[in-house]
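Only one structure is covered here, and it is reproduced in the block below.
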Amino acid sequence: MSDASASSTETTRIVIGIDLGTTNSLAAVRAGKTPRVLRDLDADPLTPSMVCLHPDGRTLVGAEAKALRLEHPERTVFSVKRLIGRSASECHSDVVNLPYQVIAGERDLPRIKIGDLELSPEAISAMVLKHIKATAELALGHSVREVVVTVPAWFDDAQRQATKDAAALAGLECLRILNEPTAAALAYGLDGNNDGTVLVYDLGGGTFDVSILRIKDGIFRVLATKGDTHLGGDDFDQLLAQRILNLLPSKKGSEDPYVLQAVLSAAEGLKMRLSEHDEATLELDLGDHGEVQLTVTRAEFEAAIAPLVQRTLDCVKSAARDAGLELSQIDDIVLVGGSTRVPLVRNRLEALTGKPPHTEIDPDQAVALGAAIQADILAGNDKSLLLLDVIPLSLGIETLGGTVQKLILRNSTIPTSVSEEFSTGVDDQTTVELAIYQGERELSKDCRLLGEFKLRGIPPLPAGLPRVLVTFLVDADGVLRVTAREQRTGIEASIQIVPTFGLTRDEVRRMMIESIEHAQDDYIAREEIEARAKAEAMVRGTKKALQIAELPPDQTFAVHKAVKALQKLLDADAEPNALKSASDDLTKVTTTIADDVISAAVTKALKEEQQQ
Ligand code: AMP
């Protein structure tokens, strides 16, 4: 930490909260009781999440970048939150309409191509974060290093990790990744002291999210999330813009990007005035393209946007169904996002839920203010609150025959850590490959591969003897770390997870639905695979053990007989119950020899190790 920050934090450690949004970002801090947004003098506290790499070599961020959007559309990057932590193929549908170029780089990672430069979404987000950091430092008068950054509740592991990476690139230490709806609920003081159910309705410029949270004993549990990644206030603007364009004397105007931009800005202004007044008038001079004068009543505007608002309400109903709740069971409704200022949105939501939404906090600032509260708690300045979140989809590793052994179950409260012992499937195996999966299904082919790693340096032992302790640790940000250790020999190998890509929200939903639909088939498939794999391993292991162990003839005969019986069933593709019972018979006759074999094999392997 720099000197400036060290001296000013002798009594209070300052950690700031950052709402890193798709359209706009902002920072807030709580020093004392109430959080406040951090702004640069009188400037707008909202920083457009935009970066322009100017042909003259300058990098402009925020409002300055936004101003250059029309002049340099292919060099002005926005909406990178739609790309972060995902593969290029996954975000294909999100990038087709972007004016800048997104290409597939190494490992199918998206790269933003500007001239000869290829940048990751993390690098662009880091530039926005650096700008926010500088603004916060100006406002606070000292340097900032530690932050809490918010993400949508449906962001998966890879998207959270990528957001953390962006913070690190910006020279910030992200103490926690916080769910946006949790932050908004916190801003309203709906915390550990008030158990209840909260609906967070977030309608921004380009995206809509609804989340239902249950708060109990200071734990925030996300019960359901729904939304539309392409629905927001920009669509309201489009409807008004169309009316304005229809009034232009010539169609040519609507083909000119500068005219279109001017019309869209005017439409947005008109929309905002209609949030305050029953009627608003617009006078727009478009030079060669003519002048437009238009008066719109609130009733007309509401009739135009009603179908869009209805789509958000359908999502609300569906989220409540997913959460297993009636709308009447929701205790509090919290509004987030600039478009919740539209009176029709508030009125319709109130009519649907039968409850007035909270409107005391600026909906553009609620998430950042909540993040600032969490930041202050993490800084150790408020001991009264403890914040926890949950894991959206189960995490596990691939085991015998392509089944997934879940170590951390969906809805587990984080941070959490679970360890389980595994072994090798083949004799003299010195490397174990571990594949980490996320999902609710039983077979790996139906789950999502998150990453793979190898544990090397296991001494050569018969299959089933090495004891590999695998530990899954999900930290407070929902980020997963996996470690593996061979227990019997004490050999520990360092491992590395190569993360692949995250899940889209639709995939998370689809996987949940599929896991329920296929539950019974999956269970049967898993039973079959496991019974067979176990029987095969037992036959292999016992044959090997017989070569090492010195047994009396009658015992050798009994073991041979049991092995033969099991092998016969395997050859005949017998059903799982028959395999299980023959495996049990074999276990009975081999138990007495197991200990001898294990100690003999371990001693042999260790000796060989020492001799090398
Ligand atoms: P956000 O993505 O949360 O920053 O929200 C931005 C959206 O909120 C844009 O579509 C704005 O036009 C819209 N917005 C901001 N203020 C108002 C207002 N007073 N009335 C209607 N929409 C607004």
Residues satisfying the stated conditions in the range 304-318, i.e. of a type outside the set (Ser, Thr, Tyr) and within 15 Å of Pro357 (Cβ to Cβ): Val309, Leu313, Val316
Per-region count, the range 162-213, residues of a type in the set (Phe, Trp, Tyr) and farther than 23 Å from Arg30 by Cβ: 2
Residue within the range 45-52 that is of a type outside the set (A, V, I, L, M) and surrounded by fewer than 17 Cβ atoms within 10 Å (Cβ to Cβ) present: no
Test: residue in the range 174-196 that is of a type in the set (D, E, K, R), away from the ligand (no atom under 16 Å from the Cβ), in contact (Cβ under 8 Å) with a residue 60 or more places away in the chain and not in a strand (DSSP E or B): yes
Residue selected from the range 25-59 under the condition at positive phi and of a type in the set (Gly, Ala, Ser), by the criterion nearest to the ligand (Cβ to nearest atom): Gly32
Scope the range 326-360; condition crowded, with 17+ Cβ neighbours inside 10 Å, within 13 Å of the ligand (Cβ to nearest atom) and more than 26 Å from the chain's Cα centre (by Cα); matching residues: Arg341, Val342, Leu344, Val345, Arg346
Single residue of Ala323, Ala366, Ala372 found to be touching a residue at least 40 places away in the same chain (Cβ under 8 Å), within 16 Å of the ligand (Cβ to nearest atom) and in contact with a strand residue (DSSP E or B) (Cβ under 7 Å, 6 or more places away or on another chain): Ala366
Residues (buried (at least 24 other Cβ atoms within 10 Å of the Cβ), away from the ligand (no atom under 14 Å from the Cβ) and of a type outside the set (S, T, N, Q)) located in the range 211-241: Ile212, Leu213, Phe220
Filter result for the condition that a residue is acidic (Asp, Glu) and in a loop (DSSP other than H, G, I, E, B), over Glu122, Glu118, Glu137, Glu90: Glu90
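Let's see how each residue does on (1) more than 22 Å from the chain's Cα centre (by Cα); (2) farther than 24 Å from Gly21 by Cα; (3) part of a helix (DSSP H, G or I):
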residue: Gly205; (1), (2), (3): no, no, no
residue: Leu223; (1), (2), (3): no, no, no
residue: Asp234; (1), (2), (3): yes, no, yes
residue: Thr295; (1), (2), (3): yes, yes, no
Test: residue in the range 116-134 that is free of Cβ contacts under 8 Å to residues at least 12 places away in the same chain, among the acidic types (Asp, Glu) and surrounded by 16 or more Cβ atoms within 10 Å (Cβ to Cβ): no
Whichever residue in the range 272-290 is in a helix (DSSP H, G or I) and of a type in the set (A, V, I, L, M) and, among such residues, is nearest to the ligand (Cβ to nearest atom): Met272
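Values quoted throughout were computed directly from the atomic coordinates according to the rules given, and no laboratory measurement underlies them. Everything numeric in this text was worked out from a predicted model, so none of it was measured. Cβ atoms come from the backbone with ideal geometry, glycine included; neighbour counts cover every protein chain shown.
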